[in-house]
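Structure record follows, encoded as structure tokens.
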Amino acid sequence: MTVTAEETPPKVVLDSISGVALAAAAANVVMQLSRLPIGHGVAKSTVDSGRVDKHPVKRARTTLSYIAVAMLGTDGERKAMRQEVNRAHRQVRGKEPVPYNAFDPELQLWVAACLYFGVEMIYDLLYGKPTPEQAEEMYHYGARFGTTLQMKPDLWPADRAAFEEYWQDGLKKIQMDDLTRSYLRDLVELRFLHAPVRLALGRTHTFLTLGFLPQPFRDELGYDWTPRDQQRFDRITRVLARTNRLMPRPAREFPFNLYLYDFRRRIKSGRPVV
């Protein structure tokens, strides 16, 4: 499926764009950084302005803006976002002990795959499984997560079945060492925030993050997850789904619609995006 600049996103894509995704944001970061080269590249990055442990508000803005532009932006806006990300990624590379280059197409595919997996997970949580036709429509549109980086379109697996094969193979390649595991556990438990915020939000954030993670990632992080935990998580997500369905679309899409507006305003005024 070819996505043109003026094409309106399919309804199944629009339905997947929900503020509920914020509850799963840290889980998606964990998935992305569970490939050792990516984890090292981020944990050892000297670009402090882009580090979630040093500038969490700015990091949240740039990440959510990227998702909003990738899913809802025009080709021109996606090109502008790509240029901004390129500028930041030129500084994210390393050699020892784990080589990493933010422009590596295979690693970019993994990041895009994690972002897409998250979108699909949120849709399933809110509306149940899509029809086969909806699933393929959402999947082909999801290639934007990679092509808004530097990923070539033909690197995206051909269809949803091919993606599942790629994903299962990717789960076998997740790996953390002491550096990346410590970095990600700090993220999960919000250890980098000031004590009052960490104490108020840390336990809930940890629980939701683990709930949204597939079991192999929990295992690699070293966290337990019991059937009782899963039952509690399922109750919470059912409430989130019911609440989401009662909200008008602009409210459901918040804050992604706000970040898309902010991105457009920044481009127009020449302010930094990333």
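Would you mind finding the one in Gly118, Gly142 that is more than 22 Å from Arg218 (Cβ to Cβ) and either within 18 Å of the chain's Cα centre (by Cα) or of a type in the set (Lys, Arg) (or both)?
Working: Gly118 fails: more than 22 Å from Arg218 (Cβ to Cβ).
Result: Gly142 is the single residue among Gly118, Gly142 that is more than 22 Å from Arg218 (Cβ to Cβ) and either within 18 Å of the chain's Cα centre (by Cα) or of a type in the set (Lys, Arg) (or both).
Identify, by number, the condition in (1) closer than 30 Å to Arg87 by Cβ; (2) loosely packed, with under 11 Cβ neighbours inside 10 Å that Arg242 doesn't meet.
With respect to (1) closer than 30 Å to Arg87 by Cβ; (2) loosely packed, with under 11 Cβ neighbours inside 10 Å, Arg242 is out only on (1).
I want to confirm something. Restricting to region 53-64 and keeping residues that are touching a residue at least 24 places away in the same chain (Cβ under 8 Å) and more than 11 Å from the chain's Cα centre (by Cα), which single residue is nearest to Lys79 (Cα to Cα)?
Within region 53-64, the subset touching a residue at least 24 places away in the same chain (Cβ under 8 Å) is 53-54, 56, 60-64.
Of the ones still in play, those that are also more than 11 Å from the chain's Cα centre (by Cα) are 53-54, 56, 61-62.
Working: Asp53: 28, Lys54: 28, Pro56: 25, Arg61: 18, Thr62: 15 Å.
The extreme case among them is Thr62.
Condition first: free of Cβ contacts under 8 Å to residues at least 40 places away in the same chain and hydroxyl-bearing (Ser, Thr, Tyr). Now tell me which residues in region 258-274 satisfy that. First the steps, then the outcome.
Step one: of region 258-274, the residues free of Cβ contacts under 8 Å to residues at least 40 places away in the same chain are 258, 261, 265-266, 268-271.
Correct list: Tyr261, Ser269.
Check off (1) assigned to a helix (DSSP H, G or I); (2) of a type outside the set (A, V, I, L, M); (3) at pLDDT 95 or above; (4) closer than 27 Å to His40 by Cβ for Pro157 and give me the number that stays unchecked.
(1)
Take Trp167 and decide whether it is modelled with pLDDT of 95 or more, closer than 22 Å to Glu120 by Cβ and not in a helix (DSSP H, G or I).
On the way: modelled with pLDDT of 95 or more: yes; closer than 22 Å to Glu120 by Cβ: yes; not in a helix (DSSP H, G or I): no.
Answer is no for this residue.
If Trp225 satisfies every condition in (1) modelled with pLDDT of 95 or more; (2) in contact with a Lys or Arg (Cβ under 8 Å, 6 or more places away or on another chain); (3) not in a loop (DSSP other than H, G, I, E, B) but one, which is the exception?
Of (1) modelled with pLDDT of 95 or more; (2) in contact with a Lys or Arg (Cβ under 8 Å, 6 or more places away or on another chain); (3) not in a loop (DSSP other than H, G, I, E, B), only one is false for Trp225: (3).
So which pairs qualify, if the first residue must be in region 117-135 and in contact (Cβ under 8 Å) with a residue 60 or more places away in the chain and within 25 Å of Val29 (Cβ to Cβ), the second must be of a type in the set (Gly, Ala, Ser) and outside any helix (DSSP H, G or I), the Cβ gap must be under 8 Å, and the two must be at least 6 apart or on different chains?
Qualifying pairs under 8 Å: Val119/Gly142; Glu120/Gly142; Ile122/Ser18; Leu126/Ser18.
The values are calculated or read from the model by the stated rules, or taken from the named source; none is laboratory data. Since the model is a prediction, treat every value here as computed from it, not as a measurement. All Cβ positions, glycine included, derive from the backbone under ideal geometry; neighbour counts span all protein chains shown.
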